[in-house]
Amino acid sequence: MFERVCKTGAALVLALSGTAALGAEDACAPLSGGFLFCPGESAWADAEVVPFSNGVAFDLPPFWLEVMEAPEEIAQASTLDAALDALIALVAEQARNEGLDAPEELARDRFDLEQLEAVTLTTRIELPEDDPMVFVTMIAEKEDRRLFVTLDHEDEVVADVEQEFRRIAGFFTLQEE
């Protein structure tokens, strides 16, 4: 128990510093909603940890992984599929508010992780004065907790982003109480 508390405390200090990486093979970063990100010995252990107001990002170029509190529409949805529908509506509305076309929906998927049930949405958005970007967003749940994660890539190689997301999806786990 004490070892787990020390690891969680150390990961929180790293996350709050904004310039550190997890580094140690057994380090886990605490996330909102009672989840952990435990990349083990993968390259993600060396990702720069960037905290922001309602979550944390992991920068591992060309990938950018954000874990944040789910918007209310997503958090309160009755099912994961309803949460994904709420996400699609929210993203389309945000794009319209910024004068952009709604993102192109490329794929929806459902899968089970060791401890979590998850749905993903892959989208591509055209950005003014920039190349299109591909995003894979996951909403996962266990018991009464939800996790909201987005992975994007500096270019638009859909297969690369989806493959990387599938690879790292298993790094998310429910924190034991």
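The values are calculated or read from the model by the stated rules, or taken from the named source; none is laboratory data. If you're wondering where the values come from, they're calculated on a predicted model, not measured in any experiment. Note: ideal-geometry Cβ built from the backbone for every residue, glycine included; neighbour counts use all protein chains shown.
Hey, could you check region 103-117 for residues that are of a type in the set (A, V, I, L, M, F, W, C) and at pLDDT below 90 and say which is surrounded by the fewest Cβ atoms within 10 Å (Cβ to Cβ)?
111
Identify the single condition in (1) farther than 16 Å from residue 149 by Cβ; (2) modelled with pLDDT of 90 or more that residue 90 does not satisfy, given that it satisfies every other one.
Every condition holds for residue 90 apart from (1).
What are the residues in region 147-166 that are out of contact with any Phe, Trp or Tyr (no Cβ under 9 Å at 6 or more places or on another chain) and either among the basic types (Lys, Arg) or on the phi > 0 side of the Ramachandran plot (or both), if any?
Within region 147-166, no residue meets the criteria.
Filter region 140-177 for residues that are loosely packed, with under 14 Cβ neighbours inside 10 Å and among the hydrophobic types (A, V, I, L, M, F, W, C) and give the result.
Scanning region 140-177 gives 157, 159.
Of all strands (runs of 3 or more DSSP E) completely enclosed by region 38-81, which ones contain at least 2 residues that are touching a Leu at 6+ places or on another chain (Cβ under 6 Å) and surrounded by fewer than 19 Cβ atoms within 10 Å (Cβ to Cβ)?
Result: empty, no element qualifies.
Of 113, 151, 121, 90, which residue is under 25 Å from residue 31 (Cα atoms) and touching a Gly at 6+ places or on another chain (Cβ under 9 Å)?
When all the criteria are applied, what remains is 113.
Going through region 42-80 one residue at a time, which ones are under 21 Å from residue 162 (Cβ atoms) and of a type in the set (S, T, N, Q)?
42
Does region 105-116 include one or more residues that are free of Cβ contacts under 8 Å to residues at least 60 places away in the same chain and among the polar types (S, T, N, Q)?
Checked region 105-116: at least one residue is free of Cβ contacts under 8 Å to residues at least 60 places away in the same chain and among the polar types (S, T, N, Q).
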